[in-house]
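See structure below.
The values are calculated or read from the model by the stated rules, or taken from the named source; none is laboratory data. Since the structure is predicted, the reported quantities are computational estimates derived from the model, not experimental observations. With ideal geometry, Cβ positions are generated from the backbone for all residues, glycine too; neighbour counts draw on all protein chains shown.
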Amino acid sequence: MPEEAFGIGIVVSSYNENITDRLLDGAISTLSKSGMGESQYVTVRVPGAWEIPLAARLLAERDDIDGIIALGAVIRGETTHDQYINQCVSGALMELMMSTKKPVGFGLLTCNNLEQAFHRAGGNEGNKGTETAEAVLIMLKTAKLIEKNSL
């Protein structure tokens, strides 16, 4: 793999697929616009947000994966279940990033309702899948500069 070429793992939740597919489209579009070909990223679907950290860990352990894009949508319901999921998943993804020293983009929407989620998945609030992919690409380049002591 050339020095500036990166391998990306994308983990996307199938739960709330009408939202997460839009996040995935934004992420893939961003990778494509950055010059990445389909052979440079792999997409893994998991049942829900709860399963994202395990799939992300397994991808991060691969030598050909330099960064992870995690995408999902947890929408508040009538209980506090969403809060527990969001806290656990965000903590696990942060721990993964710190332990592997590989960027992990947090593209997990944590919305109060479906309308908010749609606005953040390509609506009037932009596309968080796009933003997450951009953040991972920036961090990959930044890490390379830090490693080379080129800052």
Practice problem: Output the qualifying pairs, or none if there are none: Cβ atoms under 6 angstrom, residues six or more apart or on different chains, first residue in segment 79-101 and over 13 Å from ALA56 (Cα atoms), second residue among the aliphatic types (A, V, I, L, M) and part of a helix (DSSP H, G or I). | Solution: ILE85/ALA49
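Is there a residue being more than 11 Å from the chain's Cα centre (by Cα), assigned to a helix (DSSP H, G or I) and within 18 Å of ASP21 (Cβ to Cβ) anywhere in segment 99-114?
Yes, segment 99-114 has at least one match.
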Exercise. Identify, from the list GLU95, GLU17, the residue that is surrounded by fewer than 18 Cβ atoms within 10 Å (Cβ to Cβ), of a type in the set (Asp, Glu) and farther than 21 Å from GLU131 by Cβ.
Key: GLU95
Quiz item: Restricting the search to segment 80-98, which residues are among the hydroxyl-bearing types (Ser, Thr, Tyr), in a helix (DSSP H, G or I) and modelled with pLDDT under 95?
Solution: TYR84
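So that you can scan it fast, the table gives a plain yes or no per residue for (1) under 24 Å from GLU38 (Cβ atoms); (2) out of contact with any Phe, Trp or Tyr (no Cβ under 7 Å at 6 or more places or on another chain); (3) not polar (S, T, N, Q):
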| residue | (1), (2), (3) |
| --- | --- |
| ALA55 | yes, yes, yes |
| ALA60 | yes, yes, yes |
| ASP66 | yes, no, yes |
| THR80 | no, yes, no |
| ASN86 | no, yes, no |
| LEU93 | no, no, yes |
| VAL104 | yes, yes, yes |
Practice problem: Find all pairs meeting these conditions: Cβ atoms under 8 angstrom apart; at least six residues apart or on different chains; first residue within segment 17-43 and farther than 15 Å from GLY67 by Cα; second residue in a helix (DSSP H, G or I) and among the hydroxyl-bearing types (Ser, Thr, Tyr). | Solution: LEU23/THR132; GLY26/THR130; SER29/THR130
Quiz item: Filter segment 45-74 for residues that are more than 14 Å from THR100 (Cβ to Cβ) and surrounded by fewer than 18 Cβ atoms within 10 Å (Cβ to Cβ); which is nearest to the chain's Cα centre (by Cα)?
Solution: ARG45
Practice problem: Restrict the check to segment 31-40 and report whether at least one residue is among the acidic types (Asp, Glu), surrounded by fewer than 16 Cβ atoms within 10 Å (Cβ to Cβ) and over 11 Å from the mean Cα position of the chain (by Cα). | Solution: yes
